Amino acid sequence: MNPKVDKKTKIIKSARDLFHSKGYNATTVDDIVKNAGVGKGTFYRYFKNKTELLIIKMDKIHEDFKDILSDCIRHEGTLKENLETALNAFLDYYRKHIFFFRILDEQSIIYPDIIGKAIKERICENLKHFRGFVVKNIENNNLIDCDPDLILKTLFIFFHGAKEVESKTGIIMDKTTQKNLVNLILNGIKK
């Protein structure tokens, strides 16, 4: 392994571990370099500050997350099956990275012009990425014929709403509940 890449990777892993164990605000650059076993100058050779590290971690999670959800909607199942699989994957991924997402939420409030802006950019990128899925399902008469962006935003709100319910209540939704929620979103609540 390239020694430069190795040092950079050590710093990223060190920051990740410390952000989780001490919290983002309590972690200093000194803590990160000490834990990584590198000098402070090495840190600044690769990164401007610890906020840049947070954004790099966010980018990695964003790409992994996008890939996982893309895999869920690529298979040849029905719209309902695709959404059930995607919701389950979405919630599982969120649960796995809950501490990091909480750090992002906190930091987006403290630094809206940096972290908040970066989060918004990734959300917009995700919406663009998954728009084709919605358009395809409108064209195949699996979804109502309306503005695909409205459907996409509705699904976005639905997925994030499910995540927030779990996050705020601590109640984990089993697969049956997830399937019922997907049925509800696809069939509506009107009698």
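Considering the range 147-165, and only residues there that are over 17 Å from the mean Cα position of the chain (by Cα) and of a type in the set (D, E, K, R), the residue that is nearest to Cys124 (Cα to Cα) turns out to be Asp149. The one condition from (1) over 27 Å from Gly170 (Cβ atoms); (2) assigned by TED's automatic domain parsing to the domain that holds Asn183; (3) of a type in the set (Ser, Thr, Tyr) that Tyr94 does not meet is (1).
Among the residues making up the range 126-147, those that are more than 19 Å from Asp64 (Cβ to Cβ), part of a helix (DSSP H, G or I) and of a type outside the set (Asp, Glu) are Arg131, Gly132, Val134, Val135, Lys136, Asn137, Ile138.
With the requirement that a residue be without any contact (Cβ under 8 Å) to a residue 24 or more places away in the chain, of a type in the set (A, V, I, L, M) and part of a loop (DSSP other than H, G, I, E, B), what does the range 148-191 give you?
Filtering the range 148-191 down to residues without any contact (Cβ under 8 Å) to a residue 24 or more places away in the chain leaves 148-151, 157, 160-161, 164-165, 168-171, 174, 176-177, 180, 184, 187-191.
After this cut, where a residue has to be of a type in the set (A, V, I, L, M) as well, the list is 150-151, 157, 165, 171, 184, 189.
Once the filter is applied, which keeps residues that are without any contact (Cβ under 8 Å) to a residue 24 or more places away in the chain, of a type in the set (A, V, I, L, M) and part of a loop (DSSP other than H, G, I, E, B), the range 148-191 yields Ile171, Ile189.
Taken over the range 103-135, the residue count meeting the criterion of being under 20 Å from Tyr24 (Cβ atoms), of a type in the set (Lys, Arg) and without any contact (Cβ under 8 Å) to a residue 40 or more places away in the chain is 2. Here the condition is being of a type in the set (Lys, Arg), assigned by TED's automatic domain parsing to the domain that holds Arg74 and under 18 Å from the mean Cα position of the chain (by Cα); of Lys179, Lys136, Lys175, Lys168, it holds for Lys168 alone. Taking the conditions exactly as written (in contact with a helix residue (DSSP H, G or I) (Cβ under 9 Å, 6 or more places away or on another chain), outside any helix (DSSP H, G or I), within 20 Å of Gly116 (Cβ to Cβ) and of a type outside the set (Asp, Glu)), does Tyr24 satisfy them or not? In short, yes. No other residue among Ile115, Ile110, Ile171 is in contact with a helix residue (DSSP H, G or I) (Cβ under 6 Å, 6 or more places away or on another chain), over 18 Å from Cys72 (Cα atoms) and either loosely packed, with under 14 Cβ neighbours inside 10 Å or of a type in the set (A, V, I, L, M) (or both) apart from Ile115. A single entry from Lys8, Lys34, Lys13, Lys4 fulfils the requirement of being assigned to a helix (DSSP H, G or I), at pLDDT below 90 and not assigned by TED's automatic domain parsing to the domain that holds Arg102: Lys4. Residues that are among the aromatic types (Phe, Trp, Tyr) number at least 2 in the following helices (runs of 4 or more DSSP H) confined to the range 49-125: 79-96, 98-110. With the structure loaded, tell me whether Asn141 is in the same structural domain as Phe65 (by TED's automatic domain parsing) and touching a residue at least 12 places away in the same chain (Cβ under 8 Å) or whether it fails that test. No: the conditions fail for Asn141.
The values are calculated or read from the model by the stated rules, or taken from the named source; none is laboratory data. None of the values given here were measured: they were computed from a predicted structure. Every residue, glycine among them, receives a Cβ derived from its backbone with ideal geometry; neighbour counts consider all protein chains shown.
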